[in-house]
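What follows is a single structure, written as structure tokens, with notes after it.
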Amino acid sequence: MKLNKITLAVLATATLGASAVAMADDGVTVFGDMRVGVVNFNGNANKAWGYSAKENVSSTNIAGRGNLNFKGTENLGNGLSAIWLLSNRFSPTGNQVDDQSGSRPGTLASNDTYVGLKSNTLGTLVMGTNYGNFQDGLYDNTYVVGPDQIQGWFGNTEGHNMIRYDLPSFGNLNASLQYGTSENAGAATGTKAAQHNTTVNVNYDNGFWGVSGAYTVSNNLQTSSQMAWATNGTDVGTLAQSHLTAMIKPADALQLAVEWQHSNLNGNTVNSTALYAYYTLGAAQLGMQYGVQSYSGHTPTDLKKGKFIDAFVHYGLSKTTTAFIEVMNSRDGALSYANGQTSGSRVMTDIGLMKSF
């Protein structure tokens with residue numbers, strides 16, 4: 001009898017505790033993706049992005065990228081919720097370098113991470129790292145070779161430490177404001193001043209057409225940290241960046257898009273424009289992209305416009321598994337200048353598998 005009472009007491013305590021947790025927190029969602037492929041670079045591409053110490057020699061490697069994410073929501077009542085996200089980006093091949101030549105040492109919270117509050121009527125306020133609202137690459141469907149991927153044509157100087165406010169959605173119309181800081185990240189050499197940046201974004205997407213516009217201002221930046229080709233590399237000033245991308249679907253299977261960005265710092269400008277076309281045929285998506293990048297200001301005489309063209313096929317083996325092949329050819333531009341390449345193209349091919357969960 002005594003044993004039964006103890007057992008009932010333990011069960012009652014556990015049940016009450018579980019109920020309290022269930023009422024307060026909706027649990028943790030685990031999600032992410034991982035891709036790995038066989039990557040081939042020609043000599044020029046290997047010098048720019050490759051993993052081989054032998055520059056200007058073609059190379060073939062196994063490379064990829066993974067994301068492991070955790071998120072949760074707690075209902076606080078009266079239409080208010082606490083939200084959080086912990087995002088981790090890593091290299092699945094163990095060499096701590098991903099398929100876009102990024103260093104991935106496996107650090108916790110290495111990608112978008114935040115904690116905040118969400119109101120049904122007042123919008124969402126979060127604080128954390130990286131969670132940007134510039135929306136570069138919004139319609140870039142490539143995994144690796146695109147202008148917003150390994151080529152790095154688009155993107156802003158969002159602070160690694162940030163606070164972001166998203167207004168309540170008005171149908172398909174959304175707007176947000178972000179303020180960020182990065183201690184000495186690209187700041188003037190020899191100073192202790194941090195880089196501060198502010199970004200505003202407004203976007204609309206109804207599934208048939210969409211548009212997104214953003215503007216960022218970042219202070220205390222040295223020219224060489226953003227535009228290594230400029231001859232006034234030691235000058236310090238404010239970087240202004242404008243970004244626009246738009247999409248339309250003339251037919252269910254056809255999607256067309258354009259992406260444009262203008263950056264200005266200390267009398268130097270970079271203009272990047274890319275066109276995208278995608279066609280869905282059964283389980284396959286076929287895509288092609290083309291772009292031009294131009295420079296003005298304190299430019300060296302041998303700096304040429306950058307150009308690229310790429311094509312890809314993504315084939316869905318299931319809802320969460322995709323086989324892919326992507327091919328890209330780029331030439332000239334800031335990357336050629338930085339690597340001392342006066343002629344020839346950078347050619348890259350990636351054949352692999354993507355799995356999301």
Within region 94-103, how many residues turn out to be on the phi < 0 side of the Ramachandran plot and open to solvent by 50 Å² or more (accessible area, probe 1.4 Å)? 2
Pick from region 284-298 the residues that are surrounded by fewer than 19 Cβ atoms within 10 Å (Cβ to Cβ) and not in a loop (DSSP other than H, G, I, E, B): which of them is farthest from the chain's Cα centre (by Cα)? 296
If we ask which residues in region 199-222 are of a type in the set (Ser, Thr, Tyr) and touching a residue at least 60 places away in the same chain (Cβ under 8 Å), their number turns out to be 4
Pairs under 9 Å by beta carbon, first residue farther than 24 Å from residue 224 by Cα in region 334-349, partner assigned to a loop (DSSP other than H, G, I, E, B) and of a type in the set (A, V, I, L, M), six or more apart or different chains? 348/144; 348/145; 348/150; 349/145
Got at least one residue in region 144-153 being without any contact (Cβ under 8 Å) to a residue 40 or more places away in the chain and not acidic (Asp, Glu)? yes
Here are some residues: 301, 320. Which one is of a type in the set (S, T, N, Q), open to solvent by 30 Å² or more (accessible area, probe 1.4 Å), modelled with pLDDT under 95 and out of contact with any His (no Cβ under 8 Å at 6 or more places or on another chain)? 301
I'd like the full set of residues that are among the charged types (D, E, K, R), open to solvent by 60 Å² or more (accessible area, probe 1.4 Å) and not in a loop (DSSP other than H, G, I, E, B), limited to region 35-86. 71, 74
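Could you please give the count of residues in region 299-313 that are assigned to a strand (DSSP E or B), under 19 Å from residue 335 (Cα atoms) and of a type in the set (A, V, I, L, M, F, W, C)?
The qualifying residues number 2.
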Filtering region 230-252 for residues that are open to solvent by 30 Å² or more (accessible area, probe 1.4 Å) and outside any strand (DSSP E or B) leaves a count of 4
Complete set of residues in region 304-317 that are crowded, with 19+ Cβ neighbours inside 10 Å and either within 21 Å of residue 226 (Cβ to Cβ) or at pLDDT below 95 (or both): 306, 308
What are the pairs with Cβ atoms under 8 angstrom where one residue, in region 265-277, is part of a strand (DSSP E or B) and the other, located anywhere, is acidic (Asp, Glu) and surrounded by 15 or more Cβ atoms within 10 Å (Cβ to Cβ)? Sequence gap at least six, or different chains. 272/259; 273/259; 274/140; 274/259; 276/140; 276/259
Condition met for residue 66 (in contact (Cβ under 8 Å) with a residue 60 or more places away in the chain and under 21 Å from residue 146 (Cβ atoms)): no
What number goes with the only condition from (1) open to solvent by less than 30 Å² (accessible area, probe 1.4 Å); (2) more than 24 Å from the chain's Cα centre (by Cα) that residue 269 does not pass? (2)
Residue 83 - would you say it is touching a Gly at 6+ places or on another chain (Cβ under 9 Å) and without any contact (Cβ under 8 Å) to a residue 40 or more places away in the chain? no
Does any residue of region 99-118 turn out to be touching a Gly at 6+ places or on another chain (Cβ under 7 Å), touching a residue at least 40 places away in the same chain (Cβ under 8 Å) and more than 25 Å from residue 26 (Cβ to Cβ)? yes
Specify the residue that is least open to solvent (accessible area, probe 1.4 Å); the eligible residues are those in region 114-140 that are among the hydroxyl-bearing types (Ser, Thr, Tyr) and more than 26 Å from residue 259 (Cβ to Cβ). 119
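Looking only at region 30-85, how many residues end up being more than 30 Å from residue 168 (Cα to Cα) and of a type in the set (A, V, I, L, M)?
Number of matching residues: 10.
The values are calculated or read from the model by the stated rules, or taken from the named source; none is laboratory data. Since the structure is predicted, the reported quantities are computational estimates derived from the model, not experimental observations. Positions of Cβ are backbone-derived with ideal geometry, glycine not excepted, and every protein chain shown enters the neighbour counts. These area figures cover heavy atoms from the full protein model, side chains too; ligands, DNA and RNA do not enter into them. Shrake-Rupley method; radii C 1.70, N 1.55, O 1.52, S 1.80 Å.
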